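The values are calculated or read from the model by the stated rules, or taken from the named source; none is laboratory data. As the structure is a computational prediction, the values presented were derived from the model and not from experiment. As a convention, Cβ positions derive from the backbone with ideal geometry for all residues, glycine included, and neighbour counts pool all protein chains shown.
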Amino acid sequence: MSNLFEQATQQTVISVAELNRLARTAVERGVPLVWVAGEISNFKRYDSGHCYFTLKDEAAQVDAVMFRHKAQNLDWQPQNGMQVEVRATATVYEARGKFQLAVDAMRRAGLGALYAAFEKLKAKLEQEGLFDPDLKRELPAFPRTVGVVTSPQAAALRDVITALRRRMPGIHVIIYPTPVQGEGAGAKIAEAIALAGDRAECDVLIVCRGGGSIEDLWAYNQEVVARAIRASPVPVVSGVGHETDFTIADFAADMRAPTPTAAAELVSPDGAQLRRDVVLAAQQLVRVFQRDIEDRMQRLDFLSRRLTHPGERIRNQQVHLQHLLTRLRGAWQRGADEHSWRLRDTAQRLRASAPDAGALLLQQQELLRRLLTAMRSRMTAAGERVQGAQSHLLHLSPERVLDRGYSITETVDGAIVRDSAQLAAEQELKVTLARGWAGVRVKRTG
């Protein structure tokens with residue numbers, strides 16, 4: 001596209017298609033996605049599902065298109081003369097060079113303020129903790145009475161009653177009539193909820209009405225209704241509008257149902273399923289009882305087989321006693337025989353191991369002779385060794401050396417003098433001779 005802009009400034013002639021493309025680019029870049037308010041005229045929905053119309057006010061008008069994938073999200077039918085607000089992108093239809101709005105979303109005029117009020121109140125009550133999940137109460141599993149806060153003429157009431165009759169015909173229904181839309185409807189709904197709580201006639205309360213526009217459901221977006229729901233001593237189920245509709249009452253209620261029929265199904269047990277469960281439980285109970293009876297019958301048969309006549313029991317015990325006596329006699333006889341054999345064996349072993357006194361005496365005399373002989377031999381050898389050692393000691397004795405004329409010289413402190421270098425002049429010495437000793441003094445050494 002930048003090339004087209006350059007061509008438009010540099011060339012004098014461009015094609016119509018290029019001009020329309022330039023215009024579309026300039027419009028889409030220059031005008032952001034905006035909300036535009038106006039009145040619908042010339043509205044036409046084609047078989048393709050696309051919607052074409054003109055949006056106008058007192059001073060101007062502009063063509064608009066809403067394609068099928070966007071138009072199918074509308075839960076209401078646009079008509080000529082309606083004041084609406086559209087969220088759209090400004091563009092140019094190149095084939096015709098027509099300026100138009102490509103509509104992304106559409107709402108009736110004034111809904112923007114309603115949505116803003118809805119979000120503001122929701123944020124306020126949420127901050128106060130009115131929607132705290134911990135405040136939600138459980139619904140009774142088997143309610144006897146269900147209260148319905150709605151208009152007696154509302155189709156939602158018929159849906160609720162039909163669903164309750166289908167699921168659990170025995171449930172009582174109490175209707176707390178109230179207008180469900182229009183001026184003052186919110187206060188009336190709150191009064192009906194409070195009345196149901198004061199009377200304490202029902203176990204659970206359904207606050208419901210059928211679908212509609214946001215204006216139709218606005219009574220359920222009021223603070224007084226939300227506070228009445230939370231103040232109710234009875235658990236409250238909200239079933240307002242369709243599945244895509246959300247109201248402040250839905251957030252405040254203990255449970256939200258997508259439709260009035262779904263609300264009735266939430267508060268009532270499924271009678272058909274309960275009957276099936278009861279039948280199944282009864283069948284299981286019968287099977288349990290039957291198995292128990294069969295088990296007891298089998299135990300009775302077993303006990304009956306064990307039950308015998310006292311005379312029969314005495315005879316059986318006598319037979320058993322006789323059997324034990326036979327076993328006892330056999331065991332005693334085997335024990336006596338075993339002890340007899342052991343005694344014979346021991347006697348035989350004693351006889352075999354009795355000592356021979358004559359042989360032992362001869363053996364003792366022989367051992368004594370051998371002992372005396374060994375002692376004499378050992379003493380003779382020892383005497384010879386002593387004599388040899390004595391001769392050797394006499395040969396090495398210092399006295400024999402002294403007898404040959406030698407002497408032993410000692411210092412005063414007993415040290416043997418072997419070298420003259422150990423001596424000093426006038427030193428006193430002791431000289432030991434073969435017989436006796438003498439004290440001497442050194443005069444000179446050499």
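Looking only at residues in region 248-263 that are over 12 Å from L205 (Cβ atoms) and in contact (Cβ under 8 Å) with a residue 60 or more places away in the chain, the one that is surrounded by the fewest Cβ atoms within 10 Å (Cβ to Cβ) is F251. Within region 269-282, is there a residue that is touching a Gly at 6+ places or on another chain (Cβ under 7 Å) and either in a loop (DSSP other than H, G, I, E, B) or within 21 Å of G170 (Cβ to Cβ) (or both)? Within region 269-282 (the criterion being touching a Gly at 6+ places or on another chain (Cβ under 7 Å) and either in a loop (DSSP other than H, G, I, E, B) or within 21 Å of G170 (Cβ to Cβ) (or both)), the answer is no, since none of the residues qualifies.
Is there a residue being of a type in the set (S, T, Y), touching a residue at least 24 places away in the same chain (Cβ under 8 Å), in a strand (DSSP E or B) and surrounded by 13 or more Cβ atoms within 10 Å (Cβ to Cβ) anywhere in region 43-52? Checked against the condition, which is being of a type in the set (S, T, Y), touching a residue at least 24 places away in the same chain (Cβ under 8 Å), in a strand (DSSP E or B) and surrounded by 13 or more Cβ atoms within 10 Å (Cβ to Cβ), region 43-52 yields no hits at all.
In the set (1) closer than 12 Å to T432 by Cβ; (2) out of contact with any Leu (no Cβ under 8 Å at 6 or more places or on another chain), L402 fails one condition alone, (2).
When we screen V319, V278, V286, V240 for residues that are β-branched (V, I, T) and touching a strand residue (DSSP E or B) at 6+ places or on another chain (Cβ under 8 Å), the only hit is V240. Before we move on, is L164 modelled with pLDDT of 90 or more, surrounded by fewer than 17 Cβ atoms within 10 Å (Cβ to Cβ) and either more than 42 Å from the chain's Cα centre (by Cα) or closer than 15 Å to G239 by Cβ (or both)? Spelling it out, it is not the case that L164 is modelled with pLDDT of 90 or more, surrounded by fewer than 17 Cβ atoms within 10 Å (Cβ to Cβ) and either more than 42 Å from the chain's Cα centre (by Cα) or closer than 15 Å to G239 by Cβ (or both). Quick one: would you say A117 is more than 27 Å from R21 (Cβ to Cβ), in contact with an Asp or Glu (Cβ under 7 Å, 6 or more places away or on another chain) and in contact (Cβ under 8 Å) with a residue 60 or more places away in the chain? No. Against the numbered list (1) closer than 15 Å to P143 by Cα; (2) charged (D, E, K, R); (3) touching a Pro at 6+ places or on another chain (Cβ under 8 Å), E201 comes up short only at (3). Scanning region 4-36 for residues that are of a type in the set (S, T, N, Q), over 30 Å from M106 (Cα atoms) and at pLDDT 85 or above yields a total of 1. Taking region 250-261 as the range and being within 16 Å of D159 (Cα to Cα) and within 35 Å of the chain's Cα centre (by Cα) as the test, the residues that pass are A257, P258.
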